[in-house]
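S.K.: Here's a structure for you.
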Amino acid sequence: MTEMRGRRLDLSLVVPIYNEEENLRELHGRIAATLAPLGRSWELLLVDDGSRDASPRLLQALLKDDPEHVRVIELLRNFGQHAAVFAGFSLARGEVIVTLDADLQNPPEEIPVLLRKIDEGFDVVGGYRREREDSWFRRAASRVVNRLTARATGVRMRDYGCMLRAYRRPIVEAMVRTSEIATFIPALANTFARDVAEVEVAHAPRRRGQSKYSVRRLLRLNFDLMTGFSTLPLQFISWVGALLAVVGFAFGVFLLVRRLIVGPEVEGVFTLFAILFAFLGVQLFCLGLMGEYVGRIYAEVRHRPRYLIRTVRESGTAREGEAMQEGEAVREARGAGRGRSG
């Protein structure tokens, strides 16, 4: 990460955008109204993650209306929420970087709550949603994610799923230097941070648009958490295998003794098939879990970028068609800085 214009700011806000045309103007207005009284220099990085609605046009209008604060990053296609946040991280200039969603379920008015807490010296401050305005399925999935993430990172937090979070710059720089393709930013940040805190924040119902997290994406996130931050699932497979071996051996001894005492019988054949299928189900699950680790290795060794940037738009400039990938945006900025200083 580096300063794109040669100066450091107090605060950067990174907001991933995907088909949020109905919320963008209100989002910008509420952010500007919230940050104006704080007396801090700030920027708003709006990362268009391959939107197919009118979001790109509205983002350009916001840049025209507020060129002092707004910067627009357009990705080549849809890479996913966390990849879009990484793109914003790579170009952020703030000493503190705050992330939030564009759907306004995380009220921008809660940003000062995070800033007051991080000013106490914490490296990462996460938001904890007091009363979630989500479906029961989303709440249940969030509880699973929280437990898996706490076990994987060793840092217990009540709400890993809340994107309203604040990070100090060294933590963000450390995350940008990592090379994992599939990762979960709140969990990754906690592996680098020493002092982590959580504060209660409000949570609003989604009034416009639709949630971008389907059941499939939530399941994908859970698998990423299981295989991306810990080898505990592999250890669990080993223990399950050992347990099944002991149970199978004991059951074999039982059947042998029963045959010697009772004699040949065929009544239990269906029971044996049921037990066999249960064991096969466990084996296939374990094989699939091991396949997840192999798949992650395959994805990593290809060294494909997390994202590709098509355009970076800011006050008075727009770099078109550069298709910058992760890291190239930083090198481009550093080269421009050396040119100006020379």
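S.K.: Between residue 249 and residue 287, 0.36 nm times their residue separation minus their Cα-Cα distance comes to what?
M.R.: Result: 11.5 nm gained on full extension.
S.K.: Now a separate question. Which shape class, rounded, prolate or oblate, goes with the range 80-121 when its Cα gyration tensor gives a ≥ b ≥ c as root eigenvalues, a/c under 1.5 marks rounded, and past that a/b bigger than b/c marks prolate?
M.R.: Verdict is oblate for the range 80-121.
S.K.: Pop a pseudo-label 7 angstrom from the Cα along the beta-carbon direction at both residue 130 and residue 180 and give the gap in nm to one decimal.
M.R.: 3.2 nm
S.K.: Rounded, prolate or oblate for the range 1-100? Axes are the square roots of the Cα gyration tensor eigenvalues, ordered a ≥ b ≥ c, and the cut-off for rounded is a/c under 1.5.
M.R.: Judged from the Cα gyration tensor, the range 1-100 comes out oblate (a/c at least 1.5, b/c at or above a/b).
S.K.: Quick one: length gained pulling residue 294 to residue 272 fully straight, 0.36 nm per residue minus the C-alpha distance?
M.R.: Once the chain is fully extended between residue 294 and residue 272, it gains 4.7 nm.
S.K.: Based on the mean of other Cβ atoms within 10 Å per residue, sort peptides 233-246, 302-315 so the most packed one is first.
M.R.: The densest-packed peptide leads the list: 302-315, 233-246.
Coordinate-derived values only; no laboratory data. Computed from a prediction, not measured in an experiment: that's the story for all the values here. So basically every Cβ, Gly included, is an ideal-geometry build from the backbone, and we count neighbours across all protein chains shown.
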